[in-house]
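To start, the structure itself, in structure tokens.
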């Protein structure tokens with residue numbers, strides 16, 4: 001909730017406009033808040049500083065350094081990722097975080113109720129989102145163009161940052177490949193990054209028909225509509241980004257079986273790769 005408030009007020013951008021550090025009084029003005037909101041802004045910044053979203057710089061030579069008004073709030077590596085496109089890195093995660101704190105998602109704060117329902121075996125098959133909204137997240141996106149657009153913006157922002165890291169730190173993963181299928185490639189940001197870095201790789205984006213129909217055209221990419229649970233096109237490598245976290249164990253196993261079939265059908269070379277990009281804790 002505190003992070004959502006800070007993003008609604010564009011606090012990272014306000015600090016950036018002051019050169020990356022500003023006092024609480026200047027931040028109040030930059031955020032267009034009334035003077036009466038100063039105590040609440042101070043509490044908000046105290047919480048976000050404790051969470052290391054922002055940093056607090058004090059002047060040890062200033063006898064009033066313990067006074068919050070004399071301290072300067074600074075951007076951290078984390079909050080720099082929350083700058084809007086105009087003031088920061090091209091790898092801003094602002095769209096991704098905004099999508100997570102919008103009202104439809106915030107109503108999922110009923111996680112305790114959802115866990116209690118697992119006494120009923122039939123309820124255990126429903127996701128938290130389904131319990132809160134009566135339908136799956138994917139059904140919600142199909143029914144609402146605005147929700148769908150926010151989701152795509154979120155995935156694009158995430159993919160720009162992640163693929164920059166992957167291609168900078170692990171380019172060898174893509175060496176010796178002539179073809180790659182981006183399974184569930186969505187709006188193609190990940191596969192487009194691969195195509196730019198390795199123009200010789202034939203990159204294909206595979207996703208459901210309605211997703212492919214809305215995908216923006218990109219140079220160097222081809223598209224194929226299909227269901228990954230039924231069939232995956234043959235290639236030297238298959239790219240799976242943020243897919244496995246969405247499914248239970250049975251579905252993950254089925255996707256891996258389809259991947260194995262696709263790789264085994266590729267008789268042109270003696271190897272094949274499944275490249276998995278997913279979140280890890282720790």
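Things to note:
- Boolean, residue 12 is part of a helix (DSSP H, G or I), crowded, with 16+ Cβ neighbours inside 10 Å and at pLDDT 90 or above: yes
- Any hit, the stretch 225-233, residues being more than 20 Å from residue 152 (Cα to Cα) and touching a residue at least 40 places away in the same chain (Cβ under 8 Å): yes
- Residues satisfying the stated conditions in the stretch 101-115, i.e. outside any loop (DSSP other than H, G, I, E, B) and either at pLDDT below 75 or within 19 Å of residue 249 (Cβ to Cβ) (or both): 103, 104, 105, 106, 107, 108, 109, 111, 114, 115
Residue-wise test of (1) touching a strand residue (DSSP E or B) at 6+ places or on another chain (Cβ under 7 Å); (2) within 19 Å of residue 82 (Cβ to Cβ); (3) at pLDDT 95 or above.
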site: 2; (1), (2), (3): no, yes, no
site: 7; (1), (2), (3): no, yes, no
site: 16; (1), (2), (3): yes, yes, no
site: 19; (1), (2), (3): no, yes, no
site: 27; (1), (2), (3): yes, yes, no
site: 39; (1), (2), (3): no, no, no
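- Within the stretch 159-178, if we keep just the residues that are surrounded by 17 or more Cβ atoms within 10 Å (Cβ to Cβ) and touching a strand residue (DSSP E or B) at 6+ places or on another chain (Cβ under 9 Å), the residue that is nearest to residue 234 (Cα to Cα) turns out to be 177.
- When the helices (runs of 4 or more DSSP H) confined to the stretch 135-233 are screened for residues that are within 17 Å of the chain's Cα centre (by Cα), those reaching at least 2 such residues are found at 137-143, 145-169, 189-197.
- With respect to the conditions (1) at pLDDT below 80; (2) exposed (fewer than 15 other Cβ atoms within 10 Å of the Cβ), residue 145 lacks only one, and its number is (1).
- Residue within the stretch 42-50 that is modelled with pLDDT under 90, touching a helix residue (DSSP H, G or I) at 6+ places or on another chain (Cβ under 8 Å), over 23 Å from residue 98 (Cβ atoms) and not assigned by TED's automatic domain parsing to the domain that holds residue 100 present: no
The values are calculated or read from the model by the stated rules, or taken from the named source; none is laboratory data. Here the structure is a predicted model, which means the values were calculated and not measured. Ideal geometry is used to build each Cβ from the backbone, glycine not excepted, and the neighbour counts take in all protein chains shown.
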